[in-house]
Every structure is written in C-alpha cells, then in structure tokens.
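The values are calculated or read from the model by the stated rules, or taken from the named source; none is laboratory data. The structure presented is a predicted model; accordingly, all values stated were derived computationally and were not measured. So basically every Cβ, Gly included, is an ideal-geometry build from the backbone, and we count neighbours across all protein chains shown. We work out accessible area using only protein heavy atoms, side chains counted, and drop any ligands, DNA or RNA first. Shrake-Rupley method; radii C 1.70, N 1.55, O 1.52, S 1.80 Å.
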Amino acid sequence: MKLSKEQIEFIDKFLQRNDVEFIDIREEMIDHIASAVEEKMTHDNANFHDTFVSYVNFNRKELFKMNKIIWWFSLSEIKSFLKCFLKPICLFVNFFLIVLFFLFRTNENVVLFKENMSFYFIVSLLVIGMANFIYFSIIKKKKYFFIEKNSIVLMILYWINLLMLKPFENQKSISDVLLIFFLMLCVTYIFYTKEQIQKYLKLIKRRLL
C-alpha cells in the first residue's frame, strides 16, 4: 500500500519537529520509515496513523541513530575517500595525469604551473569551501549532511597542501612525487564529490517515483 504525498509530508514534518536538520538524512529516514509503514499497513490491513505511531514508538532509538553525528564519522569519510581512490576509473584518470605530467614536465607552461600549483590548489579549495557555505548556508539556508562530510575531506586536503607543499614558499624545491601525490588526491576528491551528489540525487529520485 503506497503512501500518499500528504502522508509522506506528515513523516517529513514529524522528523523536522524531532530536530532532524540535515535534509539528506531526513530523506533517507523518510524513505526507510515509509517503506516499513507501507509494508506493515499491507500486512496488518491497518490505517496509516496507527501504523506510523506504532512503528516509530517501537523503533525510535534505532531510527534516530541516523541523525546522530558522532566524532568518528570523519574516519568513515576517510575510508569512503580511499575506496573512491581505488576505483578503476579514478585510478585510470590518475595514471593518465601522471603520464602527461612526465611527458610534458619540461614544457615551459608545465614548469610554471608546477611552481604555482600549490598556491592554485589552496585558492581553489578555499573557493570551494566558501561557495558551499554561501550557497547552502546563506542562500538556500538548508543543511546537507553530505556537504558536512565533504567539508571534512576538503579540510584534510587543505591542511595537507598547507603543511606539506607550503604554498606561500618557493615551490621550485618541491619534489615531483609530492606534487603528483597531491594532484591524485584532488582528482579523487572530484570523483568522491560526484559520488556523494549521485547518492543524494538517487535517493530523491526514488522518493519521487
């Protein structure tokens, strides 16, 4: 028995009242609750309200675990990032970039880019972080958990660049290996972000069906 739009909105408002602030977590919880309630309504031939109240009361502790942000969630994101790094498409793109780098390493433009690459990266990372904050927090005024998780990875890349590559110092002495390593991390970040966005869009699409 499929829930109506009004019933889905009822679940959404219930979660908002219970401080589920992140939209993507709320969408995931709505999808989870709606599926369980639909199945129970069909099985017990019961109405929506009674089924919903019964399900939430019985599963409240387990349900609201999804809304808790605990300190080690950043470790989980690092694992997700590393898994993304090991994906074939990401490995292929990184390998292709390494080959291009060594083929054209003596090119005047490549040498100039290499000398300034760390500075370009730190500016790019700051711009991405500020753009996320301005668009989602100030303009949209909405909170997304995948943006919070993405920011953890972005912050790690920022500090790696700042401490290891030292963008405000002379870059001629920095090794090719170190620069390539950081470039690979940045390429992986692009694939990681793409994957996070696709997961969210897939969840939204499933709800709209």
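Numbers for the structure displayed
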read-out: Among residues of region 101-122, those that are open to solvent by 60 Å² or more (accessible area, probe 1.4 Å) and of a type in the set (A, V, I, L, M, F, W, C), counted; value: 6
read-out: Residues (open to solvent by less than 90 Å² (accessible area, probe 1.4 Å), over 18 Å from L178 (Cβ atoms) and out of contact with any helix residue (DSSP H, G or I) (no Cβ under 6 Å at 6 or more places or on another chain)) located in region 88-98; value: L91
read-out: Restricting region 187-209 to residues that are surrounded by 15 or more Cβ atoms within 10 Å (Cβ to Cβ) and within 30 Å of L100 (Cβ to Cβ), the residue that is modelled with the lowest pLDDT; value: Q196
read-out: Per-region count, region 9-31, residues touching a residue at least 12 places away in the same chain (Cβ under 8 Å), part of a helix (DSSP H, G or I) and either surrounded by fewer than 16 Cβ atoms within 10 Å (Cβ to Cβ) or out of contact with any helix residue (DSSP H, G or I) (no Cβ under 7 Å at 6 or more places or on another chain) (or both); value: 3
read-out: Any hit, region 63-83, residues being modelled with pLDDT of 85 or more and either exposed (fewer than 12 other Cβ atoms within 10 Å of the Cβ) or on the phi > 0 side of the Ramachandran plot (or both); value: yes
read-out: Condition check for N170: crowded, with 16+ Cβ neighbours inside 10 Å and modelled with pLDDT under 80; value: no
read-out: Among (1) out of contact with any strand residue (DSSP E or B) (no Cβ under 6 Å at 6 or more places or on another chain); (2) buried (at least 16 other Cβ atoms within 10 Å of the Cβ); (3) under 24 Å from D24 (Cα atoms), the one test that Y135 misses; value: (2)
read-out: Cross-chain or 6+ apart pairs with Cβ under 7 Å, region 38-52 first and over 15 Å from I8 (Cα atoms), then part of a loop (DSSP other than H, G, I, E, B) and among the charged types (D, E, K, R); value: none
